[in-house]
Amino acid sequence: MDINTSMNLLNGIQAANNQNQTPPANPVTLPGNANNNGLIGGQTVPQDILDIRTTTSMSEVNMRDINNAIGQMNRQTQAFQEMIRRLLDMQGHTATIVNGETMIEIDEATRLQAERDIAEDGYFGVEQTSERILSFARAFAGDDLGRQELMRDAFLAGFEAAQRTWGGELPEISQRTFDAVMAGFDQMMGIIAE
């Protein structure tokens, strides 16, 4: 290839690159309507939407979206941990009322209500408490195994925080709730057969 052919080829490539970097001219004619003058549904189309060049690189947009998603996931996980801590704390306090282990005087009506609440089918019973925890985890994680693991880890962290609140050991009902929730996570994650 001689020098003139090389120069012509190089000039052609350069011209093609310059053409690709030129934004579309106003008004914009969109396919299907020869006289629309840059209108879609009667609205003017902003030039930056039609310009193929962007001021923000795709990697910046992707990193921003990823960081936002991670932040949202962290907030949801922390909220779940706090929910677990509070729920188990309330369950434990209800159990201490029934067992007469509180340091305050409780009337008979309050004690009977607490007894109903921690009964097997009660609001703070093992079954309902574990199901509330697992329902929240399923709603957040869906079928995503990674999110299911994240929710299980958040449950463990919330349980440990509740134990610290209680000085190291939660009442027996909370231990049974822990076992029921962990079995539910195993089932959700396919670790054991349903």
Roughly speaking, what is the stretch gain from A161 to I106, that is 0.36 nm per residue apart minus the C-alpha to C-alpha distance, in nm to one decimal? 17.1 nm
When the Debye formula is applied to the Cα atoms of the range 105-192, each taken as the same point scatterer, what base-10 log of I(q)/I(0) results at q = 0.17, 0.21, 0.26 Å⁻¹? -0.76, -1.03, -1.27
Rounded to whole Hz and in sequence order, give me ³J(HN,Hα) for the range 77-84 from the Karplus expression 6.51 cos²θ - 1.76 cosθ + 1.60, θ = phi - 60°, writing x for Gly and Pro. 5, 5, 5, 5, 4, 5, 4, 4
What list of ³J(HN,Hα) couplings, whole Hz, do you get for the range 125-141 from phi and the Karplus terms 6.51, -1.76, 1.60, once you set θ to phi - 60° and write x for glycine and proline? x, 4, 4, 5, 5, 5, 5, 4, 5, 5, 5, 4, 4, 5, 4, 6, 8
Rounded to the nearest 0.05, what FRET efficiency do N68 and S135 have when you use their Cβ-Cβ distance and R0 = 35 Å? 0.85
Normalising by the residue count of the range 58-188, find the relative contact order in percent from Cα pairs under 8 Å and 6+ residues apart. 33
Length gained when the stretch Q78-A119 is fully extended (0.36 nm per residue, less Cα-Cα span): 11.9 nm
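Laboratory data are not the source of any read-out in this text; all were calculated from the coordinates shown. Note that this is a predicted model, so its numbers are computed, not measured. Every residue, glycine among them, receives a Cβ derived from its backbone with ideal geometry; neighbour counts consider all protein chains shown.
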